[in-house]
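The values are calculated or read from the model by the stated rules, or taken from the named source; none is laboratory data. The structure presented is a predicted model; accordingly, all values stated were derived computationally and were not measured. FYI the Cβ positions are ideal-geometry reconstructions off the backbone, even for glycines, and counts take in every protein chain you see. Keep in mind that these areas ignore ligands, DNA and RNA; they rest on the heavy atoms of the full protein, side chains included. Shrake-Rupley method; radii C 1.70, N 1.55, O 1.52, S 1.80 Å.
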There are 2 protein chains.
Amino acid sequence: MATGRTHRPATRSRGIPEATVARLPLYLRALTALSERSVPTVSSEELATAAGVNSAKLRKDFSYLGSYGTRGVGYDVEYLVYQISRELGLTQDWPVVIVGIGNLGAALANYGGFASRGFRVAALIDADPAMAGKPVAGLPVRHTDELESIITDNGVSIGVIATPAGAAQQVCDRLVAAGVTSILNFAPTVLSVPEGVDVRKVDLSIELQILAFHEQRKAGEETTSAQEPAAAVQPRSSAAARTPAAGRAAGKGPDGDVPAVMPA
Amino acid sequence: MATGRTHRPATRSRGIPEATVARLPLYLRALTALSERSVPTVSSEELATAAGVNSAKLRKDFSYLGSYGTRGVGYDVEYLVYQISRELGLTQDWPVVIVGIGNLGAALANYGGFASRGFRVAALIDADPAMAGKPVAGLPVRHTDELESIITDNGVSIGVIATPAGAAQQVCDRLVAAGVTSILNFAPTVLSVPEGVDVRKVDLSIELQILAFHEQRKAGEETTSAQEPAAAVQPRSSAAARTPAAGRAAGKGPDGDVPAVMPA
DNA sequence: CCATCTTTGTGCACGCGTTCACAAAGGCAT
DNA sequence: ATGCCTTTGTGAACGCGTGCACAAAGATGG
């Protein structure tokens, strides 16, 4: 799960709650699998299990789309696939640009399933002149200079940022200025964008840190709070002179620079 | 942002809300940046802006950790870095294994910042015998047969799955059986795990689909519902005979197989 | 045509998360 | 010392999301 988002606080988009929208792709995936196995109908219970959610939640989610089920029977798989696809805007083609063709950018570009769901990689863009023209995943890498024209010419409205953190905001600004209104950010930075532009963030580092938190908690429970040896939540008198000789964490550390996925 | 999660519904972990835990890494990153610039203190307002959140939210988040601020002044950067690092369990080392060294797995392995935050890649594992021994990011790829022994010998409790969807559940089961209790899943599948195991999902495809939804909505607003030409929400009489000749979406499509990141 | 059985769709209540707004706390100048 | 100014920490209200539980709907069999 990509984590942070930068969405309008809770502006229900046409009656469909944001939480529901986030689950629609999950349902769609499960339904597509059923469709491939030629299963004609599915109950909310079965589908919910396949999608890893509660059946009541699923039914409520679908109720926002309309009454597409048949009581006593369930949902028509093909029909539901179509409805959800349409609702998500997957019945049309979305040209996408990937900026920053490092390890991650290349991995994303090579992802074969990209085209299978309405998304098409219109161009790969990198700032390194040495990369220009070099084919990655069958597409020639274009130089950053061409960014604006590529966006305009292809009518790109979705951009993927896989650059180092330092370049992300600048790239973002150029993408937005050129007309992009949705951004998927893999760089470890908080992007600031004007009103009306959606940003979603994917951050491996954050995910790992959250896992570490829970992992530590599990380990701590075993020995029933055996951690935090002595000076646990020390009263901390003077405001200065603290800094408990922090282990790592403090130093400069190679961060905010590395290619993409997993920053801190 | 990685999206789906599979967390205990809302079991507040030792008083710290899940939503707060998810933001701590964000604060930590902003604080680390300040620390590198030798900024001694920071106000909730400044830090909140840097982290892209509301200042009241940030203060409330910090209040769960304790009273680490000084009224009229702000927070001591170094001290806060240490406290958050400790809270997240980043003061200890977490050995991690990456399973599935395809495009994405390799990209993750090459991510330099991995070690900079308490995470250390203990091993890269792949099922392809041809990959065995081949060095990726300075580490020799190990064969899946060694999975259990690697986990045990290194005391690995966090696993990253970057395999094709078809192999994910099986790999997951083996990881869990070997002692892994936290999993970061890049494969496009819902993993089922026993109680006590945390799973977080990162899914590019889902993120893009969510963006597409909002993008479509924006486009629809311009022309004020010019979409949905005629048969919009057709009453749908007979349960059978529907399937509105769904465009893409239905066919077999290359999915549930591709390496990792972006499935559907 | 009626009874029964299955499954949807949803009203309702509860809890988490967010935000406001302000009192308390501390620094600083006079 | 005293008063002012800044900023934290939090009580309280509100809204979204979740899950229960059930009535309505429809299919199916006799």
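Please identify which residues in the range B:151-194 have an amide N closer than 11 Å to a label point set 7 Å out from the Cα of A:A219, following the Cα→Cβ vector.
B:155-158
Inside 10 Å of the C-beta atoms of B:47-58, what's the mean count of C-beta atoms belonging to other chains? Walk me through the intermediate numbers first.
Details: counts 0, 0, 2, 1, 2, 8, 2, 1, 0, 0, 0, 0.
The per-residue average across the peptide is 1.
Which net charge results for the neighbourhood of A:V180, defined as the other residues with beta-carbon distances under 11 angstrom from its beta-carbon, given Lys and Arg at +1 and Asp and Glu at -1? Please report the intermediate quantities before stating the final value.
Values: positive: A:R174; negative: A:E148, A:D173, A:D198, B:E215.
Net charge around A:V180: -3.
List the distances, in nm and shortest first, from the label point of B:E148 to the matching label points in every other copy, placing each point 7 Å from Cα along the Cα-to-Cβ direction.
6.2
Rank by packing, highest mean first: peptides B:156-164, B:171-179, B:186-194, with packing defined as the count of other Cβ atoms within 10 Å averaged across residues.
Values: B:156-164: 25.8, B:171-179: 18.7, B:186-194: 21.3.
Descending mean neighbour count gives B:156-164, B:186-194, B:171-179.
What is the list of residues in the range B:67-105 whose amide nitrogen lies under 20 Å from a point 7 angstrom out from the Cα of B:R120, following Cα to Cβ?
B:85-99
What does the charge add up to near B:E146, with Lys and Arg as +1, Asp and Glu as -1, over the other residues with Cβ less than 14 Å from its Cβ?
-3
Taking H as built 1.01 Å from N, whose amide H comes closer than 5 Å to the amide H of A:V141, not counting residues under 5 places away?
Those qualifying (amide H under 5 Å, at least 5 residues apart or on another chain) are A:G133, A:K134, A:V136.
How far apart are the B:G220 label points across copies, placing each 7 Å from Cα toward Cβ, in nm, shortest first?
Spacings between copies for this position, smallest first, are 4.5 nm.
Counting alpha carbon pairs within less than 8 Å and at least 6 residues apart, what relative contact order, in whole percent, applies to the range B:94-204?
Numbers: 215 pairs, mean separation 27.3, N = 111.
With pairs under 8 Å counted, the relative contact order is 25 percent.
Can you tell me, using C-alpha contacts under 8 Å and at least 6 residues apart, the relative contact order of the range B:5-88 as a whole percent? Kindly include the intermediate steps, with their values, before the conclusion.
Working: 67 pairs, mean separation 28.6, N = 84.
This gives 34 percent for the range B:5-88.
Going by the alpha-carbon gyration tensor, a ≥ b ≥ c the square roots of its eigenvalues, is the range A:94-204 rounded (a/c under 1.5) or, if a/c is not under 1.5, prolate (a/b greater than b/c) versus oblate?
Values: a/c = 1.28, a/b = 1.23, b/c = 1.04.
Note, shape of the range A:94-204 comes out rounded.
If I model a spin label at B:Y64 and A:S67 as a point 7 Å from the Cα along the Cα→Cβ vector, what separation in nanometres do I get?
Inter-label distance under the simple model: 4.1 nm.
What shape does the range B:5-88 have by the C-alpha gyration tensor, where a ≥ b ≥ c are the square roots of the eigenvalues, rounded means a/c under 1.5, and otherwise prolate means a/b greater than b/c and oblate the rest? Spell out each step's value before the answer.
Values: a/c = 1.88, a/b = 1.74, b/c = 1.08.
Judged from the Cα gyration tensor, the range B:5-88 comes out prolate (a/c at least 1.5, a/b above b/c).
At 7 Å along Cα-to-Cβ for each site, give me the label-to-label distance between B:N154 and A:D153 in nm.
That separation, rounded to one decimal, is 4.5 nm.
Probe radius 1.4 Å, ligands and nucleic acids ignored: give me the carbon and sulfur share of the accessible area of the range A:87-225 as a rounded percent. Intermediate results must be reported in sequence, preceding the final value.
Working: 2430 of 4610 Å².
The nonpolar share, carbon plus sulfur, comes to 53 percent.
How much length would be gained if the chain were fully extended between B:S38 and B:K57, taking 0.36 nm per residue of separation minus their Cα-Cα distance, in nm to one decimal? Working shown, then result.
Numbers: separation 19, 0.36 × 19 = 6.84 nm, distance 2.50 nm.
Full extension of this stretch gives 4.3 nm more.
What's the total accessible area buried between chains B and A, using a 1.4 Å probe, rounded to the nearest 100 Å²?
Details: alone 15610 and 15580 Å², together 21470 Å².
Separately minus together, B and A give about 9700 Å² buried.
Over all residues in A:26-39, what is the mean tally of Cβ atoms on other chains that come within 10 Å of each residue's Cβ? Walk me through the intermediate numbers first.
Numbers: counts 8, 0, 5, 12, 2, 2, 8, 5, 0, 7, 6, 0, 0, 0.
Mean inter-chain Cβ contacts per residue within 10 Å come to 4.
Taking accessible area as the heavy-atom solvent-accessible surface of the protein chains with a 1.4 Å probe, which residues of the range B:84-109 lose no less than 40 Å² upon going from the isolated chain to the full protein assembly?
B:R86, B:L88, B:W94, B:N103, B:A107
Give the long-range amide H neighbours of A:R120: residues separated by 5 or more places, or on another chain, with amide H under 5 Å away, using H modelled in the peptide plane at 1.01 Å from N.
It is A:W94, A:V96, by chain and number.
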